[in-house]
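Scroll down for the structure; my scribbles are underneath it.
The values are calculated or read from the model by the stated rules, or taken from the named source; none is laboratory data. Bear in mind the structure is a predicted one, so any value in this text is a computation, not a measurement. When we count neighbours, we look across all protein chains shown, and the Cβ atoms used for this are built from the backbone with ideal geometry, even at glycine.
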Amino acid sequence: MVQLSTSFFLLGALLGLFLLTPVLMAPTPASMCTALKTLNDSLSHRRRFMKHNLPINYTIRVHQKEIFRLSNISRLRLQVKELDELVLQRLWFQVNQGVLKKIIRVLPERHLSYQYTHTLETLFRDAEGVFVQSHRAEIFQQELPETIQDIWDCLTEEPDRVSESSWRFASPKFLLDSFCHTMYCLFSECFANAEAPQDYCHISYWRKGRKKDLQPES
């Protein structure tokens, strides 16, 4: 009788684990993917608005931590043991929030790219809202790994308190290219191609035909 009870207990535990697994390994919500794909549609016009409508070699000043590329993601994954993908996604939103604000700040309201950038920021905020609603509130209250917290602190530091050595100059086109590439990497489920799987986190996927838009600070 004891053995029978034990067997039922183990069976129940296994069944519970089986039912819980899809929750723990839940894919990116459809609403999140819809928001990101809409954002991606707008990003597809970045060459026109961030390069053709701006002077040649035009750059803006950003914090060095706002230059957030695929190599940064790879480095963080190596530096932080068992780094949660959600933490990187949160960091992606924090980085690009600042990037969009800085691009808008330098564009006059009558500039050809001003309305485009404003629309892009609105779509970005919509996606961020869906992201927050897709997770439990306590997740965003959890302590970040030290390496990520250091980056977060730099991004939220008052501009007048940032040392001159921490500023960099980069073209808006470069910044939005990085915005797009890292989005594909961190939310790859939303852009996956079942017929031809791609590694969006690998630089070789994006390297073809790419020009260097990053400029050193003078």
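Can you confirm whether residue 160 is of a type outside the set (A, V, I, L, M), assigned to a helix (DSSP H, G or I) and free of Cβ contacts under 8 Å to residues at least 24 places away in the same chain? Talk me through it step by step, then tell me what you get.
Values: of a type outside the set (A, V, I, L, M): yes; assigned to a helix (DSSP H, G or I): yes; free of Cβ contacts under 8 Å to residues at least 24 places away in the same chain: yes.
The answer is yes for residue 160.
Within segment 45-65, which residues are of a type outside the set (Phe, Trp, Tyr), in contact (Cβ under 8 Å) with a residue 60 or more places away in the chain, touching a Ser or Thr at 6+ places or on another chain (Cβ under 9 Å) and assigned to a helix (DSSP H, G or I)?
Once the filter is applied, which keeps residues that are of a type outside the set (Phe, Trp, Tyr), in contact (Cβ under 8 Å) with a residue 60 or more places away in the chain, touching a Ser or Thr at 6+ places or on another chain (Cβ under 9 Å) and assigned to a helix (DSSP H, G or I), segment 45-65 yields 50, 51, 64, 65.
What residue, of 74, 42, is of a type in the set (Ser, Thr, Tyr), touching a Leu at 6+ places or on another chain (Cβ under 6 Å) and touching a residue at least 24 places away in the same chain (Cβ under 8 Å)? Steps first, please.
On the way: 74 fails: touching a Leu at 6+ places or on another chain (Cβ under 6 Å).
Going through 74, 42 in turn, just one is of a type in the set (Ser, Thr, Tyr), touching a Leu at 6+ places or on another chain (Cβ under 6 Å) and touching a residue at least 24 places away in the same chain (Cβ under 8 Å): 42.
With respect to the numbered conditions (1) out of contact with any helix residue (DSSP H, G or I) (no Cβ under 6 Å at 6 or more places or on another chain); (2) among the aromatic types (Phe, Trp, Tyr); (3) without any contact (Cβ under 8 Å) to a residue 24 or more places away in the chain, which one is the sole condition not fulfilled by residue 200?
For residue 200, the exception is condition (1).
With respect to residue 107, determine if the residue is surrounded by 16 or more Cβ atoms within 10 Å (Cβ to Cβ) and under 17 Å from the mean Cα position of the chain (by Cα).
no
Could you list, in sequence order, the residues of segment 83-135 that are among the polar types (S, T, N, Q) and assigned to a helix (DSSP H, G or I)?
89, 94, 96, 97, 115, 117, 119, 122, 133, listed by residue number.
All but one of (1) modelled with pLDDT of 95 or more; (2) under 26 Å from residue 122 (Cβ atoms); (3) more than 16 Å from the chain's Cα centre (by Cα) hold for residue 78; which doesn't?
(2)
I'd like to check something: does segment 56-71 contain any residue that is of a type outside the set (Lys, Arg) and at pLDDT below 95?
So far as segment 56-71 goes, yes, one or more of its residues are of a type outside the set (Lys, Arg) and at pLDDT below 95.
What do you reckon, is residue 152 at pLDDT 95 or above, closer than 23 Å to residue 76 by Cβ and either exposed (fewer than 12 other Cβ atoms within 10 Å of the Cβ) or more than 16 Å from the chain's Cα centre (by Cα) (or both)?
Here the answer is no, as residue 152 does not meet what is asked.
Of the residues that make up segment 113-125, is at least one β-branched (Val, Ile, Thr), under 14 Å from the mean Cα position of the chain (by Cα) and within 30 Å of residue 55 (Cα to Cα)?
No: zero hits.
Of these, 31, 7, 42, which one is touching a helix residue (DSSP H, G or I) at 6+ places or on another chain (Cβ under 9 Å), modelled with pLDDT under 95 and in a helix (DSSP H, G or I)? Let's see the steps before the verdict.
Numbers: 7 fails: touching a helix residue (DSSP H, G or I) at 6+ places or on another chain (Cβ under 9 Å); 42 fails: modelled with pLDDT under 95.
Checking each option against the conditions leaves just 31.
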